[in-house]
Amino acid sequence: MSIYSGLLSVHVLLSLGLIAVVLLQHGKGADAGAAFGSGASGTVFGSRGSASFLSKVTAVMAAGFFGTSLVLAMMAGTYDETGSVMEAGAPAVEEPAEEAPVAPPEEPAAPAPAE
C-alpha cells in the first residue's frame, strides 16, 4: 500500500469520526432543558456535561482532517503513478500523410479525322 493510499484511508476515517462526534454534541437549547429539571446535566462525561470532552475531540479530529486534506492536495499535484488520465485514455494522434502533388488532368485525345 502506498503512502497516498494510507493517507487517504486515514482521511476517510477522520471524516467519518468527525461526522459522528459532531452529531453526538447537543445544541445550545439542550442546556435550557437542564435548567428546568429534566436531569440531562448529569451525564456519563461528568457534571459539566459532554461539551468540553466532545469539543476537544472535535478540535483534534478537525485539525487532523484539515492536515490530511492539505497533504493530499499537495500530493495530488505531484502524484504521477500512471500518467495523465487524458493521455492514458486517448488514442495516439497520427500525423496526416503528405498529399502527393496533383497531376494536371490529361487532355482527351483529339478525334481522328473523318475520312
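The values are calculated or read from the model by the stated rules, or taken from the named source; none is laboratory data. Given the structure is predicted, the values throughout are model-derived calculations rather than measurements. Glycine gets a Cβ as well: all are built from the backbone with ideal geometry, and neighbour counts include every protein chain shown.
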Hey, among L72, L23, L54, which residue is more than 27 Å from M1 (Cβ to Cβ), modelled with pLDDT of 80 or more and surrounded by 13 or more Cβ atoms within 10 Å (Cβ to Cβ)? L54
Which residue pairs have Cβ atoms closer than 6 Å, lie 6 or more positions apart in sequence or on different chains, and pair a first residue in region 1-22 that is over 10 Å from T68 (Cβ atoms) with a second residue that is part of a helix (DSSP H, G or I) and of a type in the set (S, T, N, Q)? V21/T58
